[in-house]
Amino acid sequence: MNVPVQMSFRDVEKTETLKELIENEATSLEEVNDHVSSCRVSVERPQKHLKSGSPYRVRIDMTVPPKHELVARREPGHGEMHEELETVILDTFDDARRQLRELNARQHSEEKRHPGQETTALVERVVPEENFGFLKTLDGRDVYFHRNSVVNHDFDRLAVGTGVWHTAEMGAEGLQATTVRITDKPGRRSNGTAG
């Protein structure tokens with residue numbers, strides 16, 4: 001988490017045990033989504049004499065880039081009459097984790113895959129003095145490529161392990177790349193500057 005958890009207590013004793021519980025639970029949110037940039041937890045007991053349900057209110061406000069504000073809360077009157085505050089806090093954090101999982105699923109389904117931007121192979125070998133090399137596709141096939149098939153004059157930026165998108169066709173001696181485009185780990189230009 002980029003920012004430490006902020007806690008506020010109202011009409012509830014702020015014990016080390018409660019602080020530690022909240023800190024541990026807030027840290028566990030990172031296991032679900034490591035982009036949580038803020039987490040504010042407020043714990044209060046707004047009414048001392050309720051006829052039913054828990055007397056505690058716990059609210060967790062989370063910020064997740066780019067502009068997501070998530071709120072998990074338990075209100076007084078819900079749950080068991082004599083429910084421990086620790087249980088209410090744990091239940092609220094369970095709800096926070098559920099919301100983060102749902103946000104993750106939405107964000108992943110919204111990502112658009114564009115052909116030409118996905119890595120389909122890695123550079124396995126480059127022979128610069130002879131202007132060719134070999135790719136290893138993600139399914140384990142070897143593909144020959146020539147300098148002329150590398151777009152944007154990026155042949156000199158290729159290094160072993162560079163991720164590329166490619167198209168290939170069957171040539172006289174096996175698969176030959178007709179197009180190679182760098183997608184990941186661009187390496188260095190031949191003049192030594194970063195690519």
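The values are calculated or read from the model by the stated rules, or taken from the named source; none is laboratory data. Being a predicted model, the structure only gives us computed values, none of them experimental. Please note: Cβ atoms are built from the backbone with ideal geometry, for glycine as well, and neighbour counts cover all protein chains shown. Quick note on the areas: whole protein, heavy atoms, side chains included, nothing else; ligands and nucleic acids left out. Shrake-Rupley method; radii C 1.70, N 1.55, O 1.52, S 1.80 Å.
For the stretch 123-145, residues that are open to solvent by 20 Å² or more (accessible area, probe 1.4 Å) and touching a residue at least 24 places away in the same chain (Cβ under 8 Å) total 8. I'd like to know if the stretch 149-172 contains one or more residues that are closer than 16 Å to Glu118 by Cα, exposed (fewer than 13 other Cβ atoms within 10 Å of the Cβ) and modelled with pLDDT under 90. Checked against the condition, which is being closer than 16 Å to Glu118 by Cα, exposed (fewer than 13 other Cβ atoms within 10 Å of the Cβ) and modelled with pLDDT under 90, the stretch 149-172 yields at least one hit. For the stretch 29-43, does any single residue satisfy the condition of being at pLDDT 85 or above and touching an Asp or Glu at 6+ places or on another chain (Cβ under 6 Å)? Within the stretch 29-43, one or more residues are at pLDDT 85 or above and touching an Asp or Glu at 6+ places or on another chain (Cβ under 6 Å). Of the residues screened, Asp95 is one that is at pLDDT 90 or above, open to solvent by less than 30 Å² (accessible area, probe 1.4 Å) and closer than 30 Å to Asp61 by Cα.
Looking across the stretch 98-124 at every residue that is over 23 Å from Asp139 (Cα atoms) and basic (Lys, Arg), the one that is modelled with the lowest pLDDT is identified as Arg106.
Take the conditions more than 30 Å from Ala26 (Cβ to Cβ) and either open to solvent by less than 80 Å² (accessible area, probe 1.4 Å) or under 25 Å from the mean Cα position of the chain (by Cα) (or both) and apply them to Thr87. Does it pass?
no
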